1. Just subtract the alpha-carbon distance of residue A:98 and residue A:127 from 0.36 nm times their residue separation and send over the number in nm, one decimal.
2. Counting partner chain Cβ atoms within 10 Å of every residue's Cβ in A:203-210, what's the average?
3. How big is the antiparallel share of DSSP beta bridges in segment A:8-266, given as a percent to the nearest 5?
4. Helix-derived [θ] at 222 nm for chain B: sum -39500 (n - 2.57) over DSSP H runs of at least 4, divide by residue count, nearest 500?
5. Using only Cα atoms, tell me the angle between helix B:33-54 and the longest principal axis of chain B; keep it within 0 to 90° and round to the nearest 10.
6. Per 5 Å bin, what percent of the C-alpha pairs of segment B:1-80 does each bin hold, from zero upward?
7. With each run of n ≥ 4 DSSP H residues scored as -39500 (n - 2.57), what mean residue ellipticity at 222 nm is computed for chain A after dividing by its residue count and rounding to the nearest 500 deg cm²/dmol?
8. Highest mean first, what order results for B:102-111, A:120-129 on Cβ atoms within 10 Å?
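Coordinate-derived values only; no laboratory data. Just so you know, these numbers come straight off a predicted model, no measurement behind them. For neighbour counting, all protein chains shown are included, and Cβ atoms are generated from backbone atoms with ideal geometry for every residue, glycine included.
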């Protein structure tokens, strides 16, 4: 995507900001809109291109996106000079309850209508493109009309919105449903135009209740790095790729090693620390 | 199990699903009850983590029993924000004499700094009131 994020990035979090400051070779940061005050953007966020990542817009809500949340995304994008805004193909609230969690939509025409309308409303306020991320979910709705790839192809046809492809989400969704993650990636990419993937996410996972959970607090498993490499091989060029780590931060050396592995799988140079090689 | 309802009613169906996940509602027809139960527990884990971050001494005082303590109080209760959830839990445990010294200090500091009516967002107390409540006794 022209003008979008490039190279290897990391989700900017205050808990690892100092480590990230020391890595000259990082391509970009993603910052969670709900953790950012547009009037007080941290200096270390201004060092690199930024993607503003929303988690509470609820684009899957039939009663529409909240104007104040759209305005906040727009204000964050402007304050950080963001190259892109991203949100999720999900809903977070219903019946007056804010769950604080990304919940899956039924893969139906009705859900496509809701998403298309809310994406259009949101984009009208943004000066940069809005990328959409398919989520990880432990369950599906009983009345899906499409499979995941078919649903996402139709959504892309309807909105033209670039995709934020979270390879770890594809991995956990496939494993929890007894499917082959590579086949899921293949089916998805086969129906999208070249350049539809704005960037990729990778993250760690852990087993609870016999199911694989997308935790963002564990190391990225080798299977996800392999799936990233498999994904990259089918794209026109190495996509921007970003490590999501939301807590239980590893020591700096381990975080750097993990970033090197992510960069290698994506076909990028490793993000070297300031002051030369380690 | 009855047939899943047809489309055209997404808002109502989302509300039923959310109620089942966080507010003690029944599992809507057609959904896998075990997968919803796993999601329910995942949401409680995430929520307990947020409250632990907002109330570190409260969570640390409970140690390995924190998740169990949190679930016993908040399973089936719709989320209303980590600050207030932790505050309610701390007050209830303090009243029951079940709060350790660290968590008691944490609660006292919050009570001194803000006024919380148990229903709406806590509001900072005026500076003088904060000094009066926080003075050594």
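1. 7.7 nm
2. Mean inter-chain Cβ contacts per residue within 10 Å come to 2.
3. Antiparallel bridges make up about 20 percent of those DSSP assigns within segment A:8-266.
4. The per-residue figure over chain B is -19500 deg cm²/dmol.
5. So the helix axis and the longest Cα principal axis differ by about 20 degrees.
6. Binned Cα distances yield the sequence 3, 14, 22, 20, 14, 11, 8, 5, 3, 1.
7. Taking each H run of at least 4 residues, the total per residue is -10000 deg cm²/dmol.
8. Descending packing order for the listed peptides: B:102-111, A:120-129.
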